Amino acid sequence: MRRKTLPGVLIAAVLASLLLPACKGISPEELKASVEIVEVSSKWVEKTYEPWPPKLTLVPQISFRVKNVSDKPLNYLNFNGIFKFPDDQENLGDNFLAAIRKEPILPGETGPVITLKSNFGVEGKSLASFKDNPQWKPMICRLFIQSKGSPHVLLGEYEISREIDFKEPEPVGVEKKSEEKN
């Protein structure tokens, strides 16, 4: 076994003192002050669809872009969306995404669209069944950001739109009445 000599230990200590400050994480306050969430949109999208027996599961989804309002490039940003009914304490679904990695968002610039889709869904038989479904009610997304070992920081709560982005396919093998008249 090889022993470290005093010069080796000194070199390691000097390197550690130079590199550790560069690895320092960002404080929660600095992180929140560095970003602005823009171009927020939300809707309900298909998670599963089975024509027979009829089953449709819709999940809430939120999309947004991040604007860098700081004077430093931003990278290694992680986002976590917690989806829940506004008056409930229980989380009904979530989505974690390691979003901004190699390509930093430069100061003053806006990053690509980030989409978080809940793993929680509301089940029905068809689109029409959602109108009277007691489980399909207003929902919010609590949006958190995290970077380089910082704690998760709440950016805000966003209401999920009641818009549904799903179209049921046309029935197969059923002729249209207009074709029958010809």
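The values are calculated or read from the model by the stated rules, or taken from the named source; none is laboratory data. This is a predicted model, so every value here is computed, not measured. In this analysis, Cβ positions are derived from the backbone assuming ideal geometry, glycine residues included, and neighbour counts consider all displayed protein chains.
Collect the residues in the stretch 55-95 that are of a type in the set (Ser, Thr, Tyr) and closer than 14 Å to Val35 by Cβ, keeping them in residue-number order.
Ser70, Tyr76
Considering only residues that are farther than 18 Å from Ser147 by Cβ and of a type in the set (Gly, Ala, Ser), look in the stretch 58-97 and name the one that is modelled with the lowest pLDDT.
The selected residue is Gly93.
Of the residues that sit in the stretch 98-139 and are of a type in the set (Lys, Arg) and at pLDDT 85 or above, which one is nearest to the chain's Cα centre (by Cα)?
Ranking the candidates gives Lys117 first.
What is the one condition in (1) in contact (Cβ under 8 Å) with a residue 40 or more places away in the chain; (2) closer than 15 Å to Lys148 by Cα that Ser42 does not satisfy?
The one condition Ser42 does not meet is (2).
If you check every pair at least six apart or on different chains, which have Cβ atoms under 9 Å apart with a residue in the stretch 160-171 that is closer than 23 Å to Pro51 by Cβ first and a residue that is among the aromatic types (Phe, Trp, Tyr) and surrounded by 10 or more Cβ atoms within 10 Å (Cβ to Cβ) second?
If the second residue must be among the aromatic types (Phe, Trp, Tyr) and surrounded by 10 or more Cβ atoms within 10 Å (Cβ to Cβ), the pairs left are Glu163/Trp44; Ile164/Trp44; Ile164/Phe130; Asp165/Trp44; Phe166/Trp44; Phe166/Tyr49; Glu168/Tyr49; Pro169/Tyr49.
Confirm whether Lys177 is modelled with pLDDT under 85 and among the basic types (Lys, Arg). If you could, list the steps in order and put the result at the bottom.
Details: modelled with pLDDT under 85: yes; among the basic types (Lys, Arg): yes.
Here the answer is yes, as Lys177 does meet what is asked.
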